[in-house]
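Below is one structure, written out as structure tokens; comments come after it.
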Amino acid sequence: MDRTIYDNPLTSRYASRKMSFIWSPHNKFTTWRRLWLALARAEQELGLPISDLQLRQMQECIENIDFSLAEAREKELRHDVMSHVQVFGEQCPAARPIIHLGATSCYVTDNTELLQIRDSLRLLLSRMPVLLSSLADFSVRYKNLPTLGFTHFQPAQLTTVGKRATLWLYDLITDFEDLESLLSRLPFRGVKGTTGTQASFLALFDGDHERVLALDRRVAEIMGFERSVPVSGQTYSRKWDYRTLSALSGIAQSLAKMAVDIRLLANLKEVEEPFGAKQVGSSAMAYKRNPMRSERIGSLARYVMSLSDNAAHTHANQWFERTLDDSANRRLSLPQAFLGVDALLTLATNVVGGLQVWPQVIEKHIREELPFMATENIIMAAVRQGGDRQQLHEAIRQHSMAATRRVKEEGGENDLLSRLQADSLFAAVIDKFDSLLDPVNFIGRAPQQVEEFIGRIVEPLLQRTSPEETAPEEQVEV
């Protein structure tokens with residue numbers, strides 16, 4: 001590694017080798033050659049004078065790229081596609097006259113990017129079920145464990161640890177479905193010519209419109225697409241880039257939200273991400289257990305989310321049939337969005353798989369807040385024993401204010417229960433306090449909601465997918 005030049009941390013530190021390969025120069029330029037071969041093969045099938053020898057030479061040279069020569073040619077020509085056309089032609093001289101026949105640069109550049117997007121979506125879809133399954137297991141494991149629910153980050157009604165995890169899981173399920181939908185609709189650019197009119201191909205086929213249409217369909221078929229865009233300028237609509245980066249932004253949003261929740265729970269010491277036996281939390285404060293994985297998720301997610309706005313501006317600024325001010329931008333935004341989400345999924349899978357739950361801390365926090373939440377149940381029970389609802393309400397209000405002052409002004413424990421037990425107005429229900437204050441009575445249908453959600457939504461999805469376990473060498477900087 002040359003340490004005197006900038007090194008992109010997405011490839012060297014965070015993302016997997018598989019995702020990096022999809023966006024690598026090797027994959028990009030060999031795909032160009034596969035596209036040139038597909039075009040020539042389809043043109044031959046439809047009657048153009050292209051020989052088997054020409055196709056064979058092209059096939060034999062697909063992987064054998066002289067990158068140094070191509071880079072030297074590009075410095076002379078200032079045109080990346082033509083530099084590779086020339087180098088390819090020199091390697092297979094018989095095929096040189098028919099390489100890139102009728103095509104424009106976007107035939108290889110745009111179609112390659114759509115192939116990279118397709119392969120990247122497939123990779124993400126193969127990885128997400130591992131995370132979804134892990135979250136589902138966590139939800140079921142803790143479906144009955146009561147915990148404080150928060151609104152405005154203030155204690156509200158109780159929920160359960162497992163039910164809260166289903167909120168994270170549901171977001172990711174919708175993201176997964178968005179990726180599936182996007183992949184099912186993603187088109188090929190196809191064979192459209194310089195401004196999208198297919199004029200060059202119409203000339204090649206002597207004005208035969210049907211063979212031009214067949215050429216477009218056949219090349220898409222060879223490259224594994226069921227259809228190509230119905231109309232285009234020189235490029236496919238950059239709206240597809242926006243749709244793609246929006247779907248990736250959705251995953252980033254969901255994981256960032258989950259990571260923020262975990263960071264807040266870590267502060268409360270209720271739930272924590274995994275912490276290595278030799279992991280250092282702080283260079284100065286040796287006692288610290290910083291949630292660095294969740295913080296890294298938030299950091300990378302913020303970057304990925306910013307890229308969908310970038311794609312919107314790129315689409316909006318495409319003039320007429322095309323302008324080149326999208327090129328340098330998309331060389332950065334498309335691969336980095338996928339590399340970022342790939343890294344996020346690796347991190348999130350690691351975090352969820354090692355989440356530590358501390359039930360006694362959770363119970364302590366419930367005990368501190370539950371007396372306030374239980375007051376309505378206490379009033380109802382006392383009324384059933386003949387008490388005056390208004391009188392009981394006023395008594396609880398005064399005792400609650402006194403208990404709150406003790407907690408906030410004196411730093412003492414919440415003594416509301418002992419105050420109520422000492423008040424004769426509640427004498428008839430003192431023996432019922434334990435049952436009235438059982439946290440299980442305050443979690444509603446949370447356990448049942450977990451079971452229903454996992455059984456009705458998550459399990460069918462997981463049964464129809466084939467999750468790809470991340471290999472050890474793919475675990476980059478978690």
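Averaging 1/r across all pairs of distinct Cα atoms in region 124-187 and inverting the result yields a Kirkwood radius of 13.2 Å.
Counting neighbouring Cβ atoms within 10 Å and putting the fewest first, the residues 306, 134 line up as 306, 134. Extension gain, residue 309-residue 356: 0.36 nm per intervening residue step, less the Cα-Cα distance, totals 13.3 nm. Ordering 84, 393, 209 from the fewest to the most neighbouring beta carbons within 10 Å gives 209, 393, 84. For region 9-98, the Kirkwood estimate of the hydrodynamic radius, built from every pair of different alpha carbons, is 14.3 Å. As a calculated quantity, the FRET efficiency between residue 398 and residue 6 at R0 = 60 Å, using C-beta atoms, amounts to about 0.35. Dipole size of region 375-436 about its Cα centre, with +1 on Lys/Arg Cβ and -1 on Asp/Glu Cβ: approximately 140 debye, rounded to the nearest 20. With the gyration tensor restricted to C-alpha atoms of region 375-436, the semi-axes of the equivalent ellipsoid amount to 22, 12, 8 Å, longest first. For residue 228, the residues whose modelled amide H falls within less than 5 Å of its own, excluding neighbours fewer than 5 places apart on the same chain, are 188. In a DSSP loop and with at most 15 other Cβ atoms within 10 Å, the GluC sites (Glu not before Pro) in region 29-138 are 63. In this structure, the amide hydrogen of residue 158, modeled 1.01 Å from its nitrogen in the peptide plane, lies closer than 5 angstrom to those of 149, counting only residues at least 5 positions away or on a different chain.
With unit charges on the beta carbon (Lys/Arg positive, Asp/Glu negative), name the residue among 89, 70, 20 whose Cα is farthest towards the positive pole of the charge dipole of region 9-98. Ranked along the dipole, the leading option is 20. Any chance you could tell me what percent of the C-alpha pair distances in the chain go past 31 Å? Tail of P(r) above 31 Å: 57 percent of Cα pairs.
Full extension of the chain between residue 150 and residue 268 yields a length gain of 41.2 nm, computed as 0.36 nm times the residue separation minus the alpha carbon distance. Neighbour counting of Cβ atoms within 10 Å sorts the residues 292, 373, fewest neighbours leading, into 292, 373.
Based on Cα contacts under 8 Å between residues 6+ apart, the chain shows a relative contact order of 20 percent. Treating r as the C-beta distance of residue 257 and residue 69 and R0 as 35 Å, the FRET efficiency rounds to 0.10. Under 1.5 on a/c is rounded, so check that first for region 361-410, then, if it is not, pick prolate when a/b is larger than b/c and oblate when it is not; a ≥ b ≥ c are the square roots of the alpha carbon gyration tensor eigenvalues. Oblate shape, in that a/c is at least 1.5 and b/c is the bigger or equal ratio.
Straightening the chain between residue 425 and residue 463 buys 8.0 nm, computed as 0.36 nm per residue apart minus the Cα-Cα spacing.
Only the coordinates and a few stated rules stand behind these numbers; no lab work does. All values derive from a computational prediction rather than experimental measurement. All Cβ positions, even for glycine, are placed from backbone atoms using ideal geometry, and neighbour counts span all protein chains on display.
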